[in-house]
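Below: the structure, in structure tokens.
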Amino acid sequence: MNCNVLPIAAGLLTLGIGASMSRGESSEESIQFTPVAMKVMKPPIAVKGSDGRFHVVYELKLANASPITCNLERLAVLTGDGKEIATYVGEKLAAITSLLGGRDPVSVIGAHQMAVVWMHLSFAPGSVPKQIEHELTIGSEKGTITEKGGESEVSDDVITLGPPLEGERWVAVDSCCESLTHRRALMGLNGHLYLAQRFAIDWEQLNDQHRTSSGDLQKVESYSCYGKRVFAVADAEVVAAVDEFQNQVPGGLPGKLPPEEIDGNHIILKLANGPFALYAHLKPGSLRVKSGQRVKRGEVIAQVGNTGNTSAPHLHFHVMSRPSALGSNGIPYVIDAFEVTGIVPSIDTYNKMEDEGGVVPVNALPEPRACVDELPMQLSVVHFPTIGE
Ligand SMILES: [Zn+2]
């Protein structure tokens, strides 16, 4: 071996040039300055939704590491073998892109700024790619450049749970996959960026007139879901059980709360193999479990309430990577048995009718859809099986 080769090769590696290169050969990979670095923040897990399709939800971080302003013109998602599976151009791309820490659409990333693309891909069964990467076209004063990056694996390792509630006409509010409230709740906590609520659902219940409440809108007891039983979704260990907050008066959010009060009365269960389930905004005095205790699937653990950062009674439920309601990574799950009986067509109409105590329009399905191992999708009207005493 020529003893000069090693230091030269080591120097070239720091420039990202192929390891197989030796002195005198040319690089197989050309080097190009690219203003925006792309990174998938957490590798996604594909989940089957109650629409029968598989959903892949993740955030693509765009870091403009240059002093030039970048116009986002086109983003394509490619499979590992280079096949284009989704394309976003112009306004369609802006609609799913926000500056880091924001939720509003943007089409431009300024010099040294960062942005997030809120990705949601959906696939017919059997067609979810195992690998993805991204191709971004940027316009700038220097011209147009197209670059590749943001490689990631796509896992299908999804968790199966039982229902957290029972009975008819539960609406999956702000569920997967494009609601602004939960989906875009990316926040900096303890020196990390977390999106705990990526797959969160706010469960609210319609009465037989399809209203969320009847009577005084400022009384928690007027709401159909208030006081309904909440169940352990799996055999699990209770790692948090907080029952110290009073109900908020429905009709508006309570104003800025410290982080430890946002979830109000809540329970966190440690599921088998590590992830955690959060039940938030529970009824004061309704918690039947204590931290450290084990629970069985289907066991009543509390009742639906209106404590914490909430404007009307509901159950906020999500699954996460760590036992921290906000400081964790939200992960998808499926529920093993429920029916979808209809869909509420518009979140804006839903919110308005809830605020007014009006009739929520529901597009009933011709036949209830029996869902096995699926995630209830945004604004599905769900019938959960009755659970005994
Ligand atoms: Zn929520």
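A few comments on the model shown:
- Using θ = phi - 60° and Karplus 6.51 cos²θ - 1.76 cosθ + 1.60, couplings along the stretch 134-140 (whole Hz; Gly, Pro as x): 10, 10, 10, 10, 10, x, 7
- What separates the Cα centres of the stretch 332-363 and the stretch 254-312 is a distance of 22 Å.
- Reachable lysines from Lys290, criterion Cα separation under 22 angstrom, eight or more residues apart if same chain: Lys228, Lys270
- Between Leu375 and Lys48, Gly49, Ser50, Ile335, the built amide H atoms are under 5 Å apart, and every one of these is 5 or more places off in sequence or on another chain.
- Each Cα pair under 8 Å and six or more residues apart adds its separation to the average, and for the stretch 159-384 the resulting relative contact order is 28 percent.
- Calculated [θ] (222 nm, deg cm²/dmol) that DSSP helices of n ≥ 4 give over the chain, each run adding -39,500 (n - 2.57): -2000 deg cm²/dmol
- Mean shadow area of the chain over all directions, Cα convex hull, nm²: 23.5
- Charges were assigned to the Cβ only: +1 to each Lys and Arg, -1 to each Asp and Glu. The resulting dipole of the chain about its Cα centre is roughly 560 debye.
- GNM top mover of Lys219, Lys83, Lys283 - the chain, alpha-carbon springs below 10 Å: Lys83
- Residue among Asn329, His318, Met353 farthest towards the positive dipole end of the stretch 305-389, charges placed on Cβ: Asn329
- Label positions at Glu260 and Thr386, each projected 7 Å from the Cα along the C-beta direction, are separated by 4.2 nm.
- Taking Cβ atoms as reference points and 14 Å as the exclusive limit, the residues near Gly162 contribute a net charge of -3, counting Lys and Arg as +1 and Asp and Glu as -1.
- Sparsely packed GluC sites (Glu not before Pro) within the stretch 117-172, loop by DSSP, other Cβ within 10 Å at most 15: Glu141
- Candidates per GluC sites (Glu not before Pro) in the stretch 174-236, loop by DSSP, up to 16 other Cβ within 10 Å: Glu178
- Pairs of alpha carbons in the stretch 329-373 whose separation is greater than 13 Å (percent): 66
- Cβ charges +1 (Lys, Arg) and -1 (Asp, Glu), total dipole of the stretch 208-347, debye: 180
- Carbon plus sulfur fraction of accessible area for the chain, probe 1.4 Å, in percent: 51
- Pairs of Lys residues in the stretch 36-153 that lie 8 or more places apart, or on two chains, and have C-alpha atoms under 28 angstrom apart add up to 28.
- Surface exposure of the stretch 159-384, expressed per residue as accessible area with a 1.4 Å probe, stands at 40 Å².
- Charge tally for Leu271 (other residues, Cβ to Cβ under 9 Å; Lys, Arg +1; Asp, Glu -1): -1.
- Taking every C-alpha pair closer than 8 Å and separated by at least 6 residues, the mean separation divided by the residue count of the chain gives a relative contact order of 16 percent.
- When you filter the trypsin sites (Lys or Arg not before Pro) in the stretch 283-389 for DSSP loop state and at most 12 other Cβ atoms inside 10 Å of their Cβ, you are left with Lys290, Lys296.
- For the stretch 36-153: accessible area per residue (Å², 1.4 Å): 45
The values are calculated or read from the model by the stated rules, or taken from the named source; none is laboratory data. Because the structure is a prediction, the values reported are computed rather than measured. Positions of Cβ are generated from backbone atoms using ideal geometry, with glycine treated the same way; all protein chains shown enter the neighbour counts. SASA here: full protein model, heavy atoms, side chains in, ligands and nucleic acids out. Shrake-Rupley method; radii C 1.70, N 1.55, O 1.52, S 1.80 Å.
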